[in-house]
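Novice: My structure is below; once you've seen it, I'll send some questions.
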Amino acid sequence: MSFLAPIPLGVIAWTAAVTAGLAVAAYILKMRRRRFEVPFSTLWQRVLREKEATSLWKRLRRLLSLLLTLLVLGLLLLAATEPRLGAVDRDSRSVVILLDASASMKARDGGKDGATRMDAARAAVRALLEGMGGGDAAMVMRMDGQTTPLSRFESDMPRLTSLVAKVEASDTPADLRRALGAAADALRGRPNPMIILVGDGAYDPEALASVTWKKPAAGAAGAAPVAPAAAAAADGGKRLDLIDMSGIDVRYQPVGSSGENVGIIAFNARRYATDKTSYEVYIEVQNTGKRPARRKLVLYNGDLATDVRTLELNPGERLRQIYSRGGGEDTVLRASLELEPPAGAGTPAAGPPRRDVFPLDDQAWALLPARRKQHVLLVTRDNLYLEGAMLVYDNIEVDKLTPDEFEARLAAHKLPDYAAVVFDDYTPAALPPPPTNLMYFNPQGEHSPFRLRGQVAHPHITEVNDNHPVMRWLVLNDVNFDSSSVFELDRDKGEVALASSVRDPIMAARRTADRKIVACSFSLGSTDLMLRVAFPLFLVNTIDWFASDEADLLTTYATGTRARVPLDGVLGVSEVTVTAPSKRVSRAPLVEGQATFYASEVGVHVLRALDRPAGRAAGRVLAEVSLAANLSSPTESNITPAPRLELGGAVLAAPEGFGISHPRSIWMYLILLAAALLCAEWLTFNRRITV
Amino acid sequence: MAQRKPKQSGPALAPMADEAHETHEAHGVAARRRPSRSRADRSVADDDRSGLFDEEFLKKLEYLSLVARKTFAGRLRADRRTRKVGSGIEFADHRRYSSGDDFRYIDWNVYGRIDRLLLRLFEEEEDLHIYIMLDASRSMRIGNPPKLHYAMQVAAALTYIGLGNLDRVGIIPFSDQLHEPLAASRGKRRIFKVFEFLRNVRVGGLTQLGPCMDKFAHQYKRRGLAVLVSDFYDPRGFEEGINELRYNKFEPFVLQVYDEREANPSLHGDLTLVDCETGELKEVTVSRSLLEAYKAEHDKYCAELNQFCTARAIPYFRTHTKLPFDELVLRIFRQGGFLR
């Protein structure tokens, strides 16, 4: 008999000693007896005197009860050691099964009736689990963009099989390096460690190269793993990122058959900076098969097909194209690869309709930043340069008022809602209500948006805050000023300097919960900035910043990547809701206005920041951004299954030695026997046999 | 001749044949109308006796009285005759004539035959004293209802029968000593005082038959029928007590009362038995065999008492508390010994 001993034997021995001692003490110690009043104890004494002659047998019967209790305790503790019948299984193994659930496993070449590679992989894992020996312990890890253990090491193969049955392939590429590292860590210190990789071999070659591994010699399956320090010394290269898998037996079980696939491996779009009505599209398509392929590529703007062309690709050919597009109000672009119907399609001679083996990479999405026309009010007495610079940006509609007219209309509540108001040499006491954004040139007095501390003559811009979107692409170091006020900024209120003259801020910005403010402490009449190219760009940047039109905002990601996405400066919210293309809603943390986005599905994801925590009643949407995620992985699109993998220069063999074995665990029988003894002891006590 | 007394209000009892007489029989004991409660036994005297002598009980008493009267109809006064020479009409004995004796009682037939003057002596007919010795020890509290209650009902029934037969009946509770008695008196109207007395009987103390009967025999000079109503759970045995009565010319009548659960207890497991009288503790582990042994021992004890009484021609009755008291009394009638 052998013992798996999931609980250390020392603990069991200690528990046995304590429980046995308690049981004996319970019998030895005088227990409080029930008191019963009798009218004539003399009769009882006569009876007991006669009974004393047989007291030995009475003591023996009580001892029998104690022995039964000790026997029950012993059976329970023995069951806790998980004994198994037969000789000690010297070949028991600790096995980690890495089940590939990456995007390529959705390829439909796993068998008949359109079964996927994922179906074949699950069947292979099931066969492995059923073939494991009585002493083997297995852990199944799901491998895609993340590595997820589905269980701990256990011998309950039916349970593991049921967990494997629920695994589905994802849209993310496989991160083999992370999976191998996790498997190696899990097997550390375990006897006869083994990793079985079940997948199609569509892995990053760099991942296979980042492993330190030496194939164990035959018969050395029980060898202790080599210590990491020794492995590093033996390697000599001192690469700290190497995964040490020495002493682990690694096997590979391939699935999949077909390699013919044409997929989109890159797709993106962006607006022109100066003409936001136009945009360009970049697409990259690759034929990973061994035969020439013919596909129809369709570009959609929303539901409208804007471009259709036929592609003819040779085996292994990668095609890149850039399209210039204009117009189109929709911001969602989609590229679709469609199979060209064969000649004579629809006739019996044409045969059965062809079907794409791997359709996941045939679709790609890209998002154009939304264009929002800004209604801007210019409050100035007369400034042709400023008015002219406003006309450069066709995305704004400009109204002009004098300060008196502005005040009158504001007082009469006849001022329309503007996206932004520009005050030129004018600092009003009353402001338009939020969310109207404000821009000042030369603010003065107590109503200045930023506190003023004096004047400086002939300032020269020496520092520019390039990180701020307003100052992007601006060159201001050669601008001349006669004089300028100096701002005194309060960083606690979120006031940031945009440009400074030797630490004297003369351009500043602030954003509050309800509006944004940009101010220049100098008058436009006292500078030649209006004659610079930077001036209209400064105005465009400011208006775009007011409209949250982040030119640098990336809207397209590859699945399986994790990115930080700005959410228009949302403060006071700790998490956002992420609505995936499948309508599944999850949550992501939001820190300092940036949300952590993990692209798990192909399609358009929507991130929303609500003024109430997700899960409670729906709140007001504070900010919302849409992001596209595509497979965009040449490795995953190359679905040609690898019949073998090399690791550490050695080819990984197929798993073998898994014979069907019968469970020899007897702990359940011990539990049942203990329960039966307890019932017998209860019966004998109540029948006053052991009393 | 007795004069009819008008019916009294209350329970429907037969009109009294005679007025009630209270006489004091025990010398040296202060006469009291109501026995008082001892403080020491107050805790055990709190059993509810209010329903002992209810209307149902009284109806049964009346029925028993009728049965008794029918059974022994024709006798007017004092059925029992004592062996005492007096002015009765039945010849008892001769004695030598002495100067001054009434010559009307000279037996001339004897003189004619043997030429000697002898006086004829006659039996004295007088009423019998019945003493109901009621065991009021702590062991009589056992049972549900307590044995004492049953014993009280039986005592009240026998008292009523005796009063109906114009006997003088007294009730003397005892335990390890004689408690305050109800003095012997005659007349059925006394029965309510009997009820009241029984309701107030103190319970407590050990069972000591020997010393109590000895004391009783010395205190009560008028001999008569001594009805012992007890469970006879005396650690020193029952023989001494009964013999004291016999040796002192009392006529014992033994009535053993027990609770069925005493004879057949349903116990099991580890117990501490507490003697309700002595407070003695005994730890036992009660098993089935032990219970059977106890039952046999209890039956043996009762059989010993029975044999003892039978051997000495002492009427003996044994009853458990489940048997209705009127059934018991009828059995007593049938077997005889209480009424003649």
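The numbers here are math on the coordinates, done by the rules we state, and not lab data. It should be emphasised that the depicted structure is a prediction, and the values quoted were computed from it without experimental measurement. Glycine gets a Cβ as well: all are built from the backbone with ideal geometry, and neighbour counts include every protein chain shown.
Novice: Mind giving me the nanometre distance, one decimal, between the label points for A:W473 and A:A115, set 7 Å out from Cα along Cα→Cβ?
Specialist: 5.6 nm
Novice: Another question, if that's okay. Return the long-range amide H neighbours of A:V38 (sequence gap of 5 or more, or a different chain), with a cut-off of under 5 Å between placed amide H atoms.
Specialist: Counting only residues 5 or more places away or on other chains, the set is B:V274, B:D275, B:C276.
Novice: What size of dipole, in debye to the nearest 20, comes out for segment A:555-635 about its Cα centre when the only charges are +1 on Lys and Arg C-beta atoms and -1 on Asp and Glu C-beta atoms?
Specialist: 240 debye
Novice: Can I ask one more? Could you check the simple spin-label distance between A:R46 and B:F122, using points 7 Å along Cα→Cβ, in nm with one decimal?
Specialist: My value for the distance between the label points is 5.2 nm.
Novice: Select from segment A:436-538 those chymotrypsin sites (Phe, Trp or Tyr not before Pro) which occupy a DSSP coil region and have at most 15 other Cβ atoms within 10 Å, ordered by residue number.
Specialist: Within segment A:436-538, the qualifying chymotrypsin sites (Phe, Trp or Tyr not before Pro) (loop, at most 15 other Cβ atoms within 10 Å) are A:W473.
Novice: Return a whole-number percent for the relative contact order of segment A:101-150, with Cα pairs under 8 Å and 6 or more residues apart as the contact set.
Specialist: Taking the mean separation of contacting Cα pairs over the length of segment A:101-150, I get 29 percent.
Novice: Explain nothing, just the number: dipole magnitude of segment B:215-340 about its Cα centre with +1 on each Lys and Arg Cβ and -1 on each Asp and Glu Cβ, in debye rounded to the nearest 20.
Specialist: So the magnitude is around 940 debye.
Novice: Remind me, relative contact order of segment A:555-635 in percent, using alpha carbon pairs under 8 angstrom and six or more residues apart?
Specialist: RCO, segment A:555-635: 36 percent.
Novice: Next up: Among A:139-145, A:489-495, A:430-436, B:142-148, how do they line up from the highest to the lowest mean number of other beta-carbon atoms within 10 Å?
Specialist: Highest-to-lowest ranking by the protection proxy: A:139-145, B:142-148, A:430-436, A:489-495.
Novice: Roughly how crowded by other chains is peptide B:284-294, in terms of the mean Cβ count from those chains within 10 Å of each of its Cβ atoms?
Specialist: Mean partner-chain Cβ count within 10 Å for B:284-294: 6.
Novice: OK, next. If you put +1 on each Lys and Arg Cβ and -1 on each Asp and Glu Cβ, how big is the dipole of segment A:374-546 around its Cα centre, in Debye rounded to 20?
Specialist: Here segment A:374-546 has a charge dipole of around 380 debye.
Novice: In Å, what is the Rg of the alpha-carbon atoms in segment B:183-340, and how long is Dmax?
Specialist: 17.8, 54
Novice: Using a 10 Å cut-off around each Cβ of peptide B:260-272, what is the average number of partner chain Cβ atoms that fall inside?
Specialist: Average neighbour count from other chains, rounded to a whole number: 3.
Novice: Which value, in Å³ per residue, describes the convex hull spanned by the Cα atoms of segment A:555-635? Can you show the working numbers first?
Specialist: Details: hull volume 6.1 nm³, N = 81.
Output value, Cα hull per residue: 75 Å³.
Novice: Have a look at segment A:374-546 and give its Rg and Dmax from the Cα atoms, expressed in angstrom.
Specialist: 14.9, 44
Novice: How far apart, in nm, are the 7 Å Cα→Cβ label points at A:S582 and A:L66?
Specialist: Simple spin-label model gives 6.4 nm for this pair.
Novice: So, one more: Could you compute the net charge surrounding B:E240? Neighbours are other residues with a C-beta less than 9 Å from the C-beta of B:E240; K and R count +1, D and E count -1.
Specialist: -3
Novice: If we sort A:507-515, A:245-253, A:13-21 on the protection proxy, mean other Cβ atoms within 10 Å, highest first, what's the order?
Specialist: Details: A:507-515: 18.0, A:245-253: 22.4, A:13-21: 12.8.
Peptide ranking by packing, descending: A:245-253, A:507-515, A:13-21.
Novice: Another question, then. To the nearest 0.05, how large is the calculated FRET efficiency for A:L431 and A:V591 if R₀ is 41 Å and r is the Cβ-Cβ distance?
Specialist: 0.85
Novice: Which pairs break 22 Å Cα to Cα here: B:K295/B:K322; B:K70/B:K249; B:K59/B:K322; B:K193/B:K215?
Specialist: Beyond 22 Å: B:K70/B:K249; B:K193/B:K215.
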